[in-house]
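The values are calculated or read from the model by the stated rules, or taken from the named source; none is laboratory data. Please read all numbers here as calculations on a predicted model, not as lab measurements. We place every Cβ from the backbone using ideal geometry, glycine too, and count neighbours over all the protein chains shown.
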Amino acid sequence: MTKPIIDPEFHALIPPLSEDERIQLEANIRAEGCRDALVIWDGIILDGHNRFEICERLQLPYKTTAIELPNRAAAADWIDRNQLGRRNLTPDQMSLLRGRRYNRAKKAQGGTGANQYKQRGQNDPPAKTAELLAKEHGVSPATIKRDAKFAEEVERSPELQKAILEHKPVSKAKAEKNIEVRRERHIAETKAALSERPVIVKGDCLDVLKTTPPIDLLLTDPPYFTEGDFTGHVSACLSRVKPTGQAYIFASADPAEIAAYLRMDSHGLKLEQVLIWNYNNTGQRQPNKRYTSNYQIILYYRGPDAPAINKPSDGTHQYACQNVNAPDGRIGDRFHEWQKPMDLIERLIRNSSKLGEFIFDPFAGSGTVILAAAKLGRRVIGCDVDPKAIDICLKRGCVNAA
C-alpha cells in the first residue's frame with residue numbers, strides 16, 4: 001500500500017483535537033487498534049490525520065478507503081462537511097466551517113450564490129447555496145451568510161486563526177486584538193508628544209540619587225506596604241528636593257501606611273496637604289468588614305521657599321480631591337496593575353513645576369511620571385529595580401540613560 005500523503009492545505013482546514021481528545025484517541029487505538037479507515041482522495045488524506053500520525057508513531061496497521069471527487073475545491077468542501085458531521089466543535093469552529101463552505105460554493109459559481117443543482121424538476125430555478133446549507137446544518141440562511149463573513153474575517157487574521165486552533169472564543173481574541181491596537185496607538189501618540197528625553201534607569205533609587213541633580217519636583221508612587229516599608233527611600237529622596245521644590249507622594253488608604261508616612265522625616269519640607277485621588281471605574285469585591293476602597297491619598301510637600309502653585313486655568317485641577325478614572329485595560333492605556341492616570345500626573349506637574357525644571361521619580365513603575373514630564377518639557381529621570389517595569393517604560397517611549 002502506498003503511504004498516504006498529508007497535504008498541509010487540507011490538514012489546516014481541520015479543527016485540531018483538544019489535548020484530552022488526543023490522549024483519549026491514542027488510548028483507544030492502543031487498546032483496540034485503528035478501527036476506522038483513513039479516507040483518501042488522490043493519495044491525500046482527507047479524514048484521519050490524527051489516526052494516521054498515531055499509527056505511524058506506534059507502528060500499528062491502519063486501513064484506507066478511497067473516494068472520487070472532481071477537484072481540490074470539492075475535496076476541501078468534503079473535509080468541512082465531514083468535520084461538521086462528526087466532531088465535537090466549538091460554536092466558532094462550526095461557524096467557520098459553514099462559512100467556508102458557503103464562500104467556496106459562491107466562488108465556484110461566480111459569486112452568484114446560486115447552486116448548480118436543480119431543486120426539483122429540470123425547469124425549476126436553482127436553489128440558493130445559503131438555503132441548501134442552512135437546511136443541511138439546521139440553521140437559518142441568515143446564519144449561513146453571517147458565517148461566511150465570519151470565515152472571511154478569520155482567514156484575514158492570524159490572531160483569530162490561533163484562537164480557533166486553541167479552542168478559545170474568537171470574541172475574546174477579537175477583544176484582545178482591539179486592545180492591542182489601541183495600546184499601540186496610545187504608545188505612538190505618547191511618543192509623538194514628547195519634547196524632552198524621558199530617561200529611565202535600572203537601579204535602586206538610593207544609588208541613583210547619588211548622581212542626580214537637586215530635585216525641583218519629586219513625584220512618585222512607591223510600592224504599597226504589602227511589599228514592604230519604603231518610607232526610608234522616600235525620605236532620602238525628599239532630602240534632595242530643593243528649598244524651592246515640591247513633592248507629591250502617592251500612598252494607599254491603609255491607616256498603617258498613612259501613619260508611617262506621617263511619621264517620616266521630610267527633611268524640612270512641609271506636608272502642606274493630604275490630597276485625594278478618587279476613581280470609580282475599577283470593579284472590586286466587596287469586603288466583609290471594610291468599605292470598598294476607591295481612592296488613594298497624595299501627600300503634598302512644599303519646600304520653605306517654594307513658589308505659589310501655577311494656578312491652572314481649569315480650577316477643578318486644583319481641587320484637593322481629584323476625580324480621574326484609573327487606566328483601563330479595555331481602552332489600551334493600562335500597562336501596569338497600579339499605574340496612575342496620565343491626566344492626573346500632568347495636572348500635578350503643571351501645578352508644581354516650570355519648563356526645564358528637573359523631576360525625579362524613584363519608583364517609575366510603568367513610566368507615566370517620566371513620560372508626562374517629558375511631554376510637558378521638563379527634564380526627568382526615573383528609576384526602578386524591576387526589569388519588567390523597565391521593559392514597560394522602554395516600550396512606552398522612555399529611553400535608557402546615556
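Can you find, within the stretch 361-386, the residue that is nearest to the chain's Cα centre (by Cα) among those that are assigned to a strand (DSSP E or B) and hydrophobic (A, V, I, L, M, F, W, C)?
Per the stated criteria, the residue is 383.
Just one of 272, 257 is among the acidic types (Asp, Glu), in a helix (DSSP H, G or I) and either modelled with pLDDT of 95 or more or assigned by TED's automatic domain parsing to the domain that holds residue 316 (or both); which is it?
257
Please pick out the residue among 256, 192, 260, 188 that is surrounded by fewer than 14 Cβ atoms within 10 Å (Cβ to Cβ), over 17 Å from residue 364 (Cβ atoms), hydrophobic (A, V, I, L, M, F, W, C) and in contact with a helix residue (DSSP H, G or I) (Cβ under 9 Å, 6 or more places away or on another chain).
Of the residues listed, the single one that is surrounded by fewer than 14 Cβ atoms within 10 Å (Cβ to Cβ), over 17 Å from residue 364 (Cβ atoms), hydrophobic (A, V, I, L, M, F, W, C) and in contact with a helix residue (DSSP H, G or I) (Cβ under 9 Å, 6 or more places away or on another chain) is 256.
Does residue 23 satisfy being exposed (fewer than 12 other Cβ atoms within 10 Å of the Cβ) and aliphatic (A, V, I, L, M)?
Yes; evaluated as a whole, the condition is true for this residue.
Out of all the residues in the stretch 309-319, is one or more under 27 Å from the mean Cα position of the chain (by Cα) and part of a helix (DSSP H, G or I)?
Within the stretch 309-319, not a single residue is under 27 Å from the mean Cα position of the chain (by Cα) and part of a helix (DSSP H, G or I).
Evaluate the stretch 43-62: report whether one residue or more is surrounded by fewer than 14 Cβ atoms within 10 Å (Cβ to Cβ), more than 30 Å from residue 155 (Cα to Cα) and touching a Leu at 6+ places or on another chain (Cβ under 8 Å).
Within the stretch 43-62 (the criterion being surrounded by fewer than 14 Cβ atoms within 10 Å (Cβ to Cβ), more than 30 Å from residue 155 (Cα to Cα) and touching a Leu at 6+ places or on another chain (Cβ under 8 Å)), the answer is no, since none of the residues qualifies.
Pull out all pairs, ordered by first then second residue, where Cβ-Cβ is under 7 Å, the residues are six or more apart or on different chains, the first lies in the stretch 1-25 and is in contact (Cβ under 8 Å) with a residue 60 or more places away in the chain and under 18 Å from residue 165 (Cα atoms), and the second is aliphatic (A, V, I, L, M) and part of a loop (DSSP other than H, G, I, E, B).
From the stretch 1-25, the pairs are 15/89.
Would you be able to say whether some residue in the stretch 217-229 is assigned by TED's automatic domain parsing to the domain that holds residue 370, over 32 Å from the mean Cα position of the chain (by Cα) and more than 23 Å from residue 377 (Cα to Cα)?
The answer is no, given that none of the residues of the stretch 217-229 is assigned by TED's automatic domain parsing to the domain that holds residue 370, over 32 Å from the mean Cα position of the chain (by Cα) and more than 23 Å from residue 377 (Cα to Cα).
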